[in-house]
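Asker: Below are the C-alpha cells for one structure; questions will follow.
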Amino acid sequence: MIAPAVDARGLVKVFERGRRTVWQRLRGEPDRRERFHAVDGIDLTVERGEIFGLLGPNGAGKTTTMKMLATLLIPTDGTIDVLGIDVLARPREVRARLGAMLSGERSLYWKLTGRENLEYFAALYHVPARETRARIDAALGSVKLLDRADDYVERYSTGMRQRLALARALLPDPPLIILDEPTVGLDPQAARDLRDRVRELRSQGRTVLLTTHYMDEADQLCDRVAIIDHGRIVALDTPAALKRTIRAEEVVHLEIGLVDGSAAPADEGAVLERLGRAATVARSERHNGTLAVTAHCSSARDFVPAAFDAARSAGATIRHVEVVPVTLEDVFISLTGRALRE
Amino acid sequence: MTLLAADARAFVAAARKELRIWRRYPLFILSLLFWPIVLPATWVLMGQAYSGGGNSRALAAFAERAGTTEVAGFVFVGYAMYMWLSNLLWGPGTALRTEQIRGSLEAVFLTPTSRLVALFAPPVSHLPFSIANFVVMGAVLWLAFGVVLPLGAILEAIVVIAVGIPSMYAIGSLFAASVLRFGEVGPIVQLVRGMFVLACGITFPIAMLPGWAQVGAALLPPTYIVDDIRSVLFRGAGLGGVAIDLALLVAFAALIAVVAVWVFRVLERSARRRGTLGSY
C-alpha cells in the first residue's frame, strides 16, 4: 500500500509570547510568558496526486503547519509522516523528496540571475552535476522563464520571482510540493498564470499542498480543502461538498441604514430578528449607523422583498443589495462567525 | 554520488554563490586596496615617531620585546592578522544573518544539504579577499617601507597561514552559529575582536601585556599565527622553530571546530523549536 503524501496526527505547536530577560533568568523568576497554541491538534491526510488546500485567515496556523511538514519547525506534540517518512526521525530524507516554496520572492538571491539561483540550489538539492543543466532548463521551462533565465532576479517582476521560486521547488523532481500563499501579492494575471502552473504539476502526477487565504483560489484550484481557524481544522472536504453544508442556494449581502434623518434609530435586534424569519443570518456587523448583513437563503427572488418588508417594519432602510453564489468564504463565516479577512 | 560528495559539491556551490554576489559590487575592491595600506601605515608612522625616527636605542628596546627591529614588518603582519580575523568574525555570521534577513535561510534549510555547509562555506568564500589583503600589504611593505622579504621566509609564512586557516575558520564559524539563535551578534563580535586585538599582539609585542593576560593570550590561536609569521619572516626561526606552535594550532582547530559544530546543532535545534530560523 502506498503511504499518503502527508499524514499528520495530533499536531500541536505552542509558541511563547513575550520576553524573559536574562536578568529574570538569573534571578530565577518564574516564567510568565504566555503559551500560545499556533496549531492545536491537527489531523491531516493528503492523498497522492491531489491538490490540497489549507484555507484560513492570517494567523490561523497554516504557515506553522507547513513549516512543521517541511522540517523547519519542531512540533510541540504529534507525528508527521511525509511520503511515508517520519519527519522528526529522518528530516534529511524528507527534504530530499520535498519541493517547497515558503517565503516566495524573498528567498531568492536578487543579485544573481535566475539560472545562477537554480544552479546554486540544484547543488544544495544534490542534483547530479551531469543532470543539472537539463533539470534547470526543465524547471525554468515549466514556469515559462527560460527566456529570462540569464537576467538578474532584481529585474524580475514579483510574479516572475514567484515563478522562479516555484522552479526552484521543482529542482529535486519532488513527488510532493508545498506552497505557502503562492499568489499573495501578485496581480490577477500573474496569479492566474501561477495557478495554471500548479494545475500542470498535478497533471504530472505530483501532489500539491498549498495554503491560501483567497477563497476563490482554494475553490478553483483544490481537490480538497481544509478550513483552518485558531490552529484547528474546522471543516475538510471538496470545495463543492463544503459549500453544500451551507444549505443555501444563494447568499445575499445587505447594507441597512438604521439611522434615517431625525427619526429615532431603528433597533438592530428587531431588524435581525425579522430578517431571520425569512433566511439564515450568517453574519452581521454594525458600523456607525449602518448594519451589514450576510444572509443565506434558498431563493434571493423570495428573500429580497421579504428583507425590504422586514427592514421597513423595524424602521430601517435597505440601501444596498448584492446577490452572490455560495463561496467558501460563506462556509468559513457559517463555521466561525467571522470573515476570512478579519 | 555519495552523500559526502554531494555535500562537498554543495559546499563549493555555496562558496561560489557568495563570490558571485561579491563580484556584483565592484566598488568593494577599493576597500581591499585602501584599508590594508592606511590602517597599518598609520601605526608604523606613529611607532617611528615614538622611537625618534629609528633611534638605535629605541629600536634595541623594541627588539628586546618583539624579537626584531623591523617595526614596519611587525605592524603589517599584525594588521594582516587583524583584517583576516575581522573578515572571519564578521564574514560568516554576517552571511548567515543576511540570509536570515533576506528570507533565503529557510530556503537553504529546506534542502537536504548538511546544515554545516551554510556554516562553513561562507568563510571559504572570504579566503580570496584575505589573500588579496596579504598581497597588498606585502607590496606596500616593500614599496613604501623598503622591507624586502626573502622568498624562502615568505613560503614558510604561507605554510604557517595554511596551518592556521582551520583554527581561524573554526572561530568564525563559532560566531556564525550564534546568529541562528540570537540574530544580531554585531556587538559581541565587536567586543571579541577588541579582545583579540589586545591579547594577540596585533600592534605590539605580547611581552607588553601583564603576566595574567599573557596566559590568556596563549589560549588564542591568532596569537600563535601572528607570532609564528613574524618568527619566520623577521627572526629567521624557520618552520622547525615554530613546529610546536603549529601542532598546537592543529589541536586548537580540531577543538574549536568540534565546539562550533556542537553549538551550531544545539542552536539550530533551538531555532527550529522557537521558530526563529527566519526571524529578522
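Asker: Scan around A:Ile228 for amide H atoms under 5 Å from its own, H built in the peptide plane at 1.01 Å from N, and keep only partners 5 or more places away or cross-chain.
Answerer: Residues meeting the amide H criterion: A:Leu55, A:Gly56, A:Val234.
Asker: Quick one: which residues, 5+ away or cross-chain, put their amide H under 5 Å from the amide H of A:Thr113? H built at 1.01 Å from N.
Answerer: Residues meeting the criterion, in which the H sits 1.01 Å from N, are A:Val153.
Asker: Taking a 18 Å limit on the Cα-Cα distance, which of the listed pairs A:Lys67/A:Lys144; A:Lys62/A:Lys144; A:Lys13/A:Lys62 fall beyond it? Can you show the working numbers first?
Answerer: Working: A:Lys67/A:Lys144 27 Å; A:Lys62/A:Lys144 28 Å; A:Lys13/A:Lys62 11 Å.
As for pairs spanning more than 18 Å Cα to Cα, those are A:Lys67/A:Lys144; A:Lys62/A:Lys144.
Asker: Also, I was wondering about something else. I need the shape label for the stretch B:3-274. Rule: rounded when a/c is under 1.5, else prolate if a/b > b/c, else oblate, with a, b, c from the alpha carbon gyration tensor.
Answerer: It is prolate, given that a/c is not under 1.5 and a/b is the larger ratio.
Asker: Could you work out, residue by residue across A:108-115, how many beta carbons of other chains sit within 10 Å of that residue's beta carbon, and then give the average as an integer? Don't skip to the answer; put the middle values down first.
Answerer: Working: counts 4, 9, 4, 7, 4, 1, 0, 0.
Per-residue shielding by partner chains comes out at 4.
Asker: Could you work out the local net charge near A:Arg25, counting Lys and Arg as +1, Asp and Glu as -1, over the other residues with Cβ closer than 14 Å to its Cβ? Walk me through the intermediate numbers first.
Answerer: Values: positive: A:Arg19, A:Arg20, A:Arg27, A:Arg32, A:Arg33; negative: A:Glu16, A:Glu29, A:Asp31.
Neighbour charge sum, excluding A:Arg25 itself: +2.
Asker: Quick one: grab the alpha carbon gyration tensor of the stretch B:6-56, order the square roots of its eigenvalues as a ≥ b ≥ c, and give me rounded if a/c is under 1.5, else prolate or oblate depending on whether a/b is larger than b/c. Display every interim value, and only then the final one.
Answerer: Details: a/c = 8.76, a/b = 2.87, b/c = 3.05.
Verdict is oblate for the stretch B:6-56.
Asker: Counting only helical runs of four or more DSSP H residues, what would the 222 nm mean residue ellipticity of the protein assembly as shown come to if each run contributes -39,500 (n - 2.57) and the total is spread over all its residues?
Answerer: Numbers: 25 runs with 342 residues, N = 622.
Helix contribution divided over all residues of the protein assembly as shown: -17500 deg cm²/dmol.
Asker: For a test of the definition: using alpha carbon positions, the gyration tensor, and the 1.5 limit on a/c, classify the stretch B:76-119 as rounded, prolate or oblate. Each step should come with its number before you reach the end.
Answerer: Working: a/c = 6.68, a/b = 2.51, b/c = 2.66.
Oblate is the answer for the stretch B:76-119, as a/c is 1.5 or above yet b/c matches or exceeds a/b.
Asker: Would you kindly calculate the translational diffusion coefficient of the stretch A:250-325, applying Stokes-Einstein with the Kirkwood radius from alpha carbon pairs, for 25 °C and a viscosity of 0.890 mPa s, and quote it in µm² s⁻¹ without decimals? Show your work: numbers first, answer last.
Answerer: Values: Rh = 12.0 Å.
For the chosen part, D equals 204 µm²/s.
Asker: Tell me the net charge near A:Arg90. Cut-off is 11 Å between Cβ atoms, A:Arg90 excluded, with +1 for each Lys or Arg and -1 for each Asp or Glu.
Answerer: Net charge in that neighbourhood comes out at 0.
Asker: Oh, and also: Can you list residues from other chains, or at least 5 along the same chain, whose modelled amide H is less than 5 Å from the amide H of A:Leu88?
Answerer: A:Ile80
Asker: Next up: How many Cβ atoms of partner chains, on average, are near each residue of A:70-77 if near means within 10 Å of its Cβ? Intermediate values should be presented prior to the final figure.
Answerer: Working: counts 3, 4, 10, 7, 7, 1, 1, 0.
Average per residue, whole number: 4.
Asker: I need the phi-derived Karplus couplings for the stretch A:228-238: 6.51 cos²θ - 1.76 cosθ + 1.60, θ = phi - 60°, integer Hz, Gly and Pro marked x.
Answerer: Ordered by residue, 3J(HN,Hα) equals 10, 8, 6, x, 10, 7, 9, 6, 8, 5, 6 Hz.
Asker: Return the sequence-ordered ³J(HN,Hα) values of the stretch B:72-87 in whole Hz as given by the Karplus equation 6.51 cos²θ - 1.76 cosθ + 1.60 applied to θ = phi - 60°, using x for Gly and Pro.
Answerer: Working through the residues one at a time gives 4, x, 4, 5, 5, 5, x, 6, 4, 5, 4, 5, 5, 4, 4, 4 Hz.
Asker: Per-residue HN-Hα couplings for the stretch A:66-82, Karplus 6.51 cos²θ - 1.76 cosθ + 1.60 at θ = phi - 60°, whole Hz, x for Gly and Pro?
Answerer: Karplus-based 3J(HN,Hα) across the stretch A:66-82 equals 4, 5, 5, 5, 8, 6, 7, 10, 9, x, 6, 7, x, 10, 9, 10, 10 Hz.
Asker: Here's something else I'd like to know. Averaged over peptide A:89-96, how many Cβ atoms belonging to another chain are found within 10 Å of each residue's Cβ? Provide the component values of the computation, followed by the final result.
Answerer: Numbers: counts 0, 0, 3, 6, 1, 2, 5, 5.
So the per-residue partner count for this stretch is 3.
We did not get these values from a lab; they are worked out from the coordinates using the rules stated. For clarity, every value in this text was computed on a predicted model and none was experimentally measured. Positions of Cβ are generated from backbone atoms using ideal geometry, with glycine treated the same way; all protein chains shown enter the neighbour counts.
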